[in-house]
2 protein chains.
Amino acid sequence: VITSRDNRWFRRVRDALREHDAEIVIEGPKAVRDALAAGWNPIAVLCTEPALRRLELETPERRLYVLARELFREIADTKTSQGVIGLFERPLADRVRFFDRRDSIFVALDGVQDPGNAGTVVRLAAAFDAAGVIALPGCADLFSPKAVRASAGAILTVPVTGMTVEQLLETGLDLYAAAAGATRHDLPAGNAILILGSEGSGVSSPLRQRATAVSVATTRNVESLNVAAAAAILLWRSFCTRTGRE
Amino acid sequence: VITSRDNRWFRRVRDALREHDAEIVIEGPKAVRDALAAGWNPIAVLCTEPALRRLELETPERRLYVLARELFREIADTKTSQGVIGLFERPLADRVRFFDRRDSIFVALDGVQDPGNAGTVVRLAAAFDAAGVIALPGCADLFSPKAVRASAGAILTVPVTGMTVEQLLETGLDLYAAAAGATRHDLPAGNAILILGSEGSGVSSPLRQRATAVSVATTRNVESLNVAAAAAILLWRSFCTRTGRE
């Protein structure tokens, strides 16, 4: 049982919670199991003694470490913790094949800084079969602990990648920018990118100029919708067009 | 300029941030102005010196207090603070007339514990002209600082009230319960209540038994939608039915 704050695994997890650059933290027995099943590479799995007894992970045993409960508490999310934390290599997006899928739409996040909103959009992408999620510069890290949690497991299956605005423009896909008050209210079934901007300033100017504005009809009692709410309605509509559901 | 932590106004705001029972905190110059315009009763408005210079509030001057910046920082939300905090009396819902409106639908939150989600639903109610929002026991306080912030001002205009499950059943309105996997996917235009449950356990059993299940069509890649995302799609559809928009 590890009790020291100087332990290398404890320190690596704590660092990854802050930096989440090359190494990603996944919390909870189900989430860790799902990450392993999705082919993510485990660096280490840390757990408490009570959790170890309940645990039936398919982790190579040499990578499983037991932490004293006080130590575990320092790196655990208080709301969701069930005594299991996995440290994984950050998955590399397959850039070459990322845009292969043309029968659905991609989502690009432009300055969406709130990790909860960014993660929720990944979850919506899974729910409504979007082809992938693109993080433009200034967007929250989709692999940060809060975004991973908000994605409710969808970060394991939805293709995601980072990209510059120039790279996005080079794809040649039709661009749609979510913007309050636009007259267009729906998206095509596929072959397009929906760009979502920040709550404050919306989609940034170079992208907005190249994109068709699209919005959700609302009353005039609100200035705008929360970005995840707008994404929910627009992605759901595109999903219904694609699949004939309602 | 107030510099002491023992100052009564500083202490009342700090207490209201924790308790938000009889007194409600509203932050930001625009939000405070909007609350005054909406007829909320101000107890005190606290601001920093730089904010005071920019301020053109219609508050009676005797209720305006200037706080030292270090003290203000202790009660301000770091992300949104612009140096102005208002302390207001908690608005009382008009219970008698709450259900008068029958041409739209009400939303009831059953165990929605996350204040961000609860506040987002209030914002959606304003966006899609829902008749009001009902907080059932176990739901986050709609007047907590996080919920107020997530409502983006909508808490000032949307009728909200707390209620027991028994009182909800006595309204005689048609009940719809959001539930993953239901075959029904739309709501009526009015004369009904949409009940939203917690992420973990959904709508509680006594209500679920009396309600028609309604869901949003998704892929099978997700177990459920975030409660605010489901609310966005269902309330938007009801709004479109009511207004003929799309």
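The values are calculated or read from the model by the stated rules, or taken from the named source; none is laboratory data. What you are looking at is a predicted structure, and each value in this text was computed from that prediction instead of being measured. Quick reminder, even Gly has a Cβ in these numbers, built from the backbone with ideal geometry, and neighbours come from all protein chains shown. The accessibility values were calculated without ligands, DNA or RNA, using every heavy atom of the protein model including side chains. Shrake-Rupley method; radii C 1.70, N 1.55, O 1.52, S 1.80 Å.
Annotations
- Selection count, region A:137-170, where residues are in a helix (DSSP H, G or I) and among the hydrophobic types (A, V, I, L, M, F, W, C): 9
Condition check ((1) in contact (Cβ under 8 Å) with a residue 12 or more places away in the chain; (2) within 14 Å of chain A (Cβ to nearest Cβ)) across all residues:
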position	(1), (2)
B:Ile134	yes, no
B:Ile155	yes, yes
B:Pro159	yes, yes
B:Gly162	yes, no
B:Glu170	no, no
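- Taken over region A:120-168, the criterion of being crowded, with 20+ Cβ neighbours inside 10 Å and basic (Lys, Arg) is satisfied by A:Arg123, A:Arg149.
- Of the residues A:Gln82, A:Gln113, the single one that is of a type in the set (S, T, N, Q), within 14 Å of chain B (Cβ to nearest Cβ), within 28 Å of A:Glu199 (Cα to Cα) and in a loop (DSSP other than H, G, I, E, B) is A:Gln113.
- Hits in region A:212-242 (condition: in contact (Cβ under 8 Å) with a residue 24 or more places away in the chain, more than 7 Å from chain B (Cβ to nearest Cβ) and open to solvent by 20 Å² or more (accessible area, probe 1.4 Å)): A:Thr212, A:Ala213, A:Glu223, A:Ser224, A:Arg237, A:Thr241, A:Arg242
- Test result for B:Gly197, crowded, with 20+ Cβ neighbours inside 10 Å and either in contact with an Asp or Glu (Cβ under 7 Å, 6 or more places away or on another chain) or at positive phi (or both): yes
- Single match in B:Leu71, B:Leu52 (criterion: at pLDDT below 90 and touching a strand residue (DSSP E or B) at 6+ places or on another chain (Cβ under 7 Å)): B:Leu52
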